[in-house]
Amino acid sequence: MKITRISTTVVNARMRNWVFVRVDTDMPGLFGLGEATLEFQTRGVVGAVEDLSLLILGQDPRNVEHLWQIMFRHPFFKGGIVTMSALSGIDQALHDLKAKDLGIPLWQLLGGQCRSRLRMYDHLGGGDSNSVYDSAQVESFAEKAARSKADGFSAVKILAVGKTAPLDGLNALNQADALMAAAREGAGPDMDIMVDLHGRTTAAMAIQYCDVLAPYRPWFIEEPCQPEDHEGTARVARATHIPIAAGERLCHRREFLPLLQSGAIAIAQPDVCHAGGLTEVRRIAALCDTFGVSMAPHNPLGPIATMVNIHLGFATPNFLIQEVMRSDVPWRDAIVSGVTPIIGGYVEPSQSPGIGIEINFEEAAKHPYKDVNPIQWYHHDGAVADW
């Protein structure tokens, strides 16, 4: 069996463009699907997929680890987030292809079931971008948290901290307090609430936000500092009893190691579309398990990434919970079929071969690539702020 072609399909999904990757073979009808979506750098990822494909065309697609090493090591300059996202999409497609060839679901290829069902968590508004990133209203937080609960979820993520200065004042802290209080009111005492700081804060400010949020018992605080600030994240972890989660912008296990060695995180959040695909994320999971750290992969992306994460969750012992954006676009189900339904906040393992999904390429063509600009925030004095 040989790889004959590697191609991409780009689908605009409002605030991001999904990048679907397809690996074709010389076996009639046998191909694999993956996802390499990266916010705001779509064209770079598509080009990187084309570059990496030149290294493995003609190779046996079943030698997944060997092909991963070729794509990672042979370019000489190790990949940053763009190249690693491209590699991730190809790697997912190779896993899908191999599982299909064997006639087994992907979780079986990854080692078999570790659990009978997998817990999922919601975003306010089900993941609609306006609800997630631009809805800092007390009334909406309560109503949307209650809606997630009514839809069967037992966990929801919120952004209770908006645009914030490196050292902010009482008004910002009071706003975070009010939003968290509203979310807790809507969710009730039994629902787990995770708070994403989105890397907007310095360690000093994150510690103050943790103090304000602590009485509402958030399940974990996500990304309190910028991803390269390992020591800052560790400072926050030492100053609060709230568990800290991080890792969505890291793309190799070596980047997780300082966080683990310093005890900075209780939950790791690698993204299977950025951190080297299934091959590398499984290594990250094993490394985290060595340190007693749980896995809750980052996943605000498309339906292929969601299903890949679900398969990974069923086969990973230290898996905690899985993020999902279920309402990002109303036509999601028209483009991809076979996604496991979420019932009562959980999914059961797919029994279909491979990832278990199919793309309707005609429907996908109705939503072609569009330029999507990142959210651009500035502090009160005009200095650039992290969003």
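Readers should treat all values here as calculations from the given coordinates under stated rules, not as data from a laboratory. From a predicted model like this one, the values you see are computed outputs, not experimental measurements. Every residue, glycine as well, gets a Cβ built from its backbone with ideal geometry; the counts of neighbours run over all protein chains shown.
A few notes on this one:
- Distance distribution P(r), region 61-197, all Cα-Cα pairs, bin width 10 angstrom from 0: 11, 26, 19, 24, 17, 3 percent.
- Cβ-derived FRET efficiency at R0 41 Å, H380 paired with T4, nearest 0.05: 0.15
- Region 36-97 - percent relative contact order, Cα under 8 Å, separation 6 or more: 50 percent
- P(r) histogram, all alpha-carbon pairs of the chain included - 20 Å bins from 0, percent: 29, 59, 11, 0
- Long-range Cα-Cα pairs in region 1-47 (distance over 18 Å), rounded percent: 34 percent
- Remark: the A204-F77 segment gains 42.2 nm on full extension, using 0.36 nm per residue and subtracting the alpha carbon distance.
- Overall form of region 136-252 per C-alpha gyration tensor (a/c, 1.5; a/b vs b/c): prolate
- Going from the fewest other Cβ atoms within 10 Å to the most, the residues S7, S116, S85 appear in the order S116, S7, S85.
- Computed over region 3-105, the ratio Rg/Rh where both radii use C-alpha atoms and Rh is Kirkwood: 0.96
- The chain: antiparallel DSSP beta bridges as a percent of all, rounded to 5: 50 percent
- Under the convention that each Lys and Arg Cβ holds +1 and each Asp and Glu Cβ holds -1, the size of the dipole of the chain around its Cα centre is about 620 debye.
- Table column - 3J(HN,Hα) (Hz), region 382-387, Karplus curve with 6.51, -1.76, 1.60, x for Gly and Pro: x, 6, 5, 10, 6, 9
- GNM flexibility winner over the chain from Q226, Q92, Q69 (Cα, springs under 10 Å): Q69
- Expected 222 nm ellipticity per residue - DSSP helices of 4 or more, -39500 (n - 2.57), all of the chain, to 500: -12000 deg cm²/dmol
- Neighbour-count order for F220, F141, F72, fewest beta carbons within 10 angstrom listed first: F72, F220, F141
- Alpha carbon centroid spacing (whole Å) that separates region 255-333 from region 91-116: 16 Å
- Here the dipole of region 3-105 is about 220 debye; that uses its Cα centre as origin and unit charges on the Cβ of Lys and Arg (positive) and Asp and Glu (negative).
- Comparing N17, S85, G58 along the charge dipole axis of region 3-105, the residue lying farthest to the positive side is N17, per the Cβ-charge model.
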